[in-house]
Each structure stands twice: as C-alpha cells, then as structure tokens.
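Remarks on the structure that follows.
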Amino acid sequence: MRIPFLDLGAAYRELKPEIDAAVSRVLESGWYILGPEVEAFESEWAAYCEARHAVGLANGLDALTLALRALDIGPGDEVIVPSNTYIATWLAVSEVGATPVPVEPDQTTHNIDPARIEAAITSRTRALLPVHLYGQPADLDPILDIAQRHGLRVIEDAAQAHGARYKGARIGAHGDIVCWSFYPGKNLGALGDAGAITTNDAALAERVALLRNYGSRQKYVNEEAGVNSRLDPVQAAILRVKLGVLDQWTERRRAVAAAYNLGLAESGLILPHVPDWADPAWHLYVVRTSDRDALQGRMTEAGIGTLIHYPIPPHMQQAYAGLGIAPDALPLAHTLASEVLSLPMGPHLDKNANRFACQSIYRNI
C-alpha cells in the first residue's frame, strides 16, 4: 500500500460535477475580475467564520501583508510573531518594513506561548501576530488581554485553521483582523492561490478592499498606493463549492486524528496535545520524536508520505540572517524543527490507510 501525504486529486473527484459547473458558470458569465462570484463567497465565508466582513485576496501572504498595512504598521514598528511558524508570517512583517520579534512556543501545543509575550514588548511594538498552527487555535484570551493592556492590535494567522473553534466560537473574528490562505493543500483549498481576511471592523475591511485593488474604489481614481491582490472569480466559485462540505471534511479529519491517537498511544511518540478549550481543524497531525529523520526515511521506504512542518525555523533562514539572531537563541523552535513529523492527513485518508500508517510506525520506530 502506498499512502500519499495528501490526495488533492481525490478532493476534486468527489466534487467534480459541482466544481466543473461552478467554473463553467464563471466562464459563461463574462465577469472575470471581482464581481458577484467573489462577493457571494465573501458573504458566505464571513458568515461561516462568524465575522461581519470578509475580503477576498490573491493569496495568504497578501492577506497578512494587507492586514498590517490596513493597521498602518510599517518602518520602525515591531510585530511579535511565533518563533515556530511558516516563514510567511515573518515575511509579511518584513514586507511592510516592520521588524518581526519572535516569541517561543508552548511545548505542548507548538503555538506561541502567551506567558512569554510581555517580555518581548517594547515601546516600538504595535501588534501581536499569533498563528493557529496545524489548525490548533492559539490561546487567544490571554493574548487579547495583553494586547488590550498594552494598546496593541491582534492579527491572527489562520492559514491552517479553517473551521477551528476557540472556546466554542469559530476562528474568524477574535482579533482585529484574521488572515486566511486557500492554498490547494489547506482544509478549504482553491485550485490555485487564493486568500482572504475576516474582521468585525468595517473600516478595516474597507481599507483592505481598497488596498487590494490598486488603492482604487473608482476606476482610474487612486486614493493610495495599493496593489493588485484580488481573489479570482473562478477560485471564488470553487471555494463556494468546497465550503459546502468543509464541516463534513473536518469531521473526517477528526476521525483520522482519533484513529492516530488510539493507534499510536503506545508508540512512544509525542502525540498532539489538544487543550480542553480547543476544537482543532486538524490541518496537520504532527508527532515528535528525537529519531525523526530516521523514522521519516523508513516511512518513505514503506510507501508512506510524510512532511516536516517546518525543518528550518525562520530565524535560521538566510532571509533573516540580517536580524542577527543566533541559532540557539530560540531553542524551542530549534528543537521542534528537528523533531516534528507530519503524518498523512486529509478527508480522503481511509481507515485502512490510517491503520497501515500506524502499523508501519510500530514496525519502524
């Protein structure tokens, strides 16, 4: 048996008639930039996220960057970010000219540790940028409390958290603005790049909508130096189809995670920890072991696809050599990067494949 890490083709095949019809609807409409299809998705996505507003964008990195710009964060400012995250979180901060200031994770959840945040706040700090890593909500209440006490904004990176809940409420509007990626491998994935923000703040939504369209509300009238970051109507139509099955597919992911929890209980691996207040979207199922590289090699030989999220922390990337952060300055991020392994996960991973993956781990651990 060969098990891919994620079967994107299966997602299309399950919804092929609906997706094909949605694409044809856009092609026949003659409306290929913004328009009613994007507006319909924005309305549906905002409602799903329990937010008042959504703005569709070209990709997840643009969502982060335009969120920062909408909050007037730029050169001379600092933004607190997780040390353990995909580099896009940091890149958005750099793109607006601000400085990312890393804070180490909680070792049990791998998300930013709220208890470490205040020590990183300076007179230049403008915002906190927690990430809901692997689809597991960050602990938002203490983060929001810190932000309120210090007069800071909260930008959530929810690129992996479609459908996740924090203390019963969907991720989507806890902070000032929430940033989404619809990259094909996400829980709600387009068939190409796509992104969005959600927020309860009408002024912020309006500013992002302005910035995404060359800084223009009226054709040939540009109020500020914006960019071109518009959600494609074809992708919006596809996302509308997939949104209709998102909860169903999330339940399948939960079943896969539960099977791993049971099947690997005696494996000696460090399994994901889910706090009582979290309802994860299970974008990834991430285990830890000091023998990670050897285990991954043996899993590959057995025909089981795995990935490492993420093998090099942002502070150790060449792109951030200029910050002068020593590799051992963020030891928890360094340790996680050397020990984490993501097992096959997705709504189309069947029970036999799930069982085979667990058995292969026991044979090769």
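Each residue of the stretch 25-42 was assigned a 3J(HN,Hα) from its phi angle through the Karplus curve 6.51 cos²θ - 1.76 cosθ + 1.60 (θ = phi - 60°); the sequence is 4, 5, 4, 6, 6, x, 10, 10, 10, 6, x, x, 5, 5, 4, 5, 5, 4 Hz, with glycine and proline shown as x. HIS150 contributes about 80 Å² of solvent-accessible surface, heavy atoms of the protein only, 1.4 Å probe. Only helices enter this figure: runs of n ≥ 4 DSSP H residues, each worth -39500 (n - 2.57), summed and divided by the residues of the chain, yield -11500 deg cm²/dmol at 222 nm to the nearest 500.
How about the stretch 254-291: which chymotrypsin sites (Phe, Trp or Tyr not before Pro) there lie in a loop by DSSP and see at most 14 other Cβ atoms within 10 Å? Show your work: numbers first, answer last.
Working: sites: TYR260, TRP277, TRP282, TYR285; in loops: TRP277, TRP282.
Taking the stretch 254-291 and a limit of 14 other Cβ atoms within 10 Å, the loop chymotrypsin sites (Phe, Trp or Tyr not before Pro) found are TRP277.
If you average the C-alpha positions of the stretch 316-347 and of the stretch 204-263 separately, how far apart do those two centres end up, in angstrom? Each part's Cα centre sits 27 Å from the other's. Mean separation of Cα pairs under 8 Å and 6 or more residues apart, divided by the residue count, gives the chain a relative contact order of 22 percent. Of the trypsin sites (Lys or Arg not before Pro) found in the stretch 54-156, the ones in coil according to DSSP and having at most 16 other Cβ atoms within 10 Å of their Cβ are ARG124.
Could you sort SER290, SER360 by accessible area so the largest value comes first, with the probe set to 1.4 Å? It would help to have the intermediate numbers written out before the result.
Details: SER290 105, SER360 0 Å².
In descending accessible area the options line up as SER290, SER360.
Using a Gaussian network model of the chain in which every pair of alpha carbons under 10 angstrom is joined by a spring, one finds that among PRO36, PRO233, PRO280 the greatest mean-square fluctuation is at PRO36. Result for the chain in a Gaussian network model with C-alpha springs under 10 Å: among GLN248, GLN218, GLN136, the largest mean-square fluctuation is at GLN218. Counted by Cβ distance under 11 Å from HIS283, the other residues give a net charge of +2, where Lys and Arg count +1 and Asp and Glu count -1.
Using a 1.4 angstrom probe with every protein chain in place, what is the largest-first accessible-area order of GLU14, GLU39?
Numbers: GLU14 70, GLU39 115 Å².
Per-residue accessible area, sorted high to low, gives GLU39, GLU14.
Normalising the average separation of contacting C-alpha pairs (under 8 angstrom, six or more residues apart) by the number of residues puts the relative contact order of the stretch 274-344 at 48 percent.
Scalar couplings 3J(HN,Hα) for the stretch 56-63, obtained by applying the Karplus form with A = 6.51, B = -1.76, C = 1.60 to θ = phi - 60°, are x, 9, 6, 6, x, 5, 4, 4 Hz; x denotes Gly and Pro. Rolling a 1.4 Å probe across all protein chains gives TYR166 an accessible area of roughly 10 Å².
The values are calculated or read from the model by the stated rules, or taken from the named source; none is laboratory data. Values in this document were obtained by computation on a predicted structure and should not be read as measured data. Cβ sites come from the backbone with ideal geometry, for glycine too, and all protein chains shown count toward neighbours. The accessibility values were calculated without ligands, DNA or RNA, using every heavy atom of the protein model including side chains. Shrake-Rupley method; radii C 1.70, N 1.55, O 1.52, S 1.80 Å.
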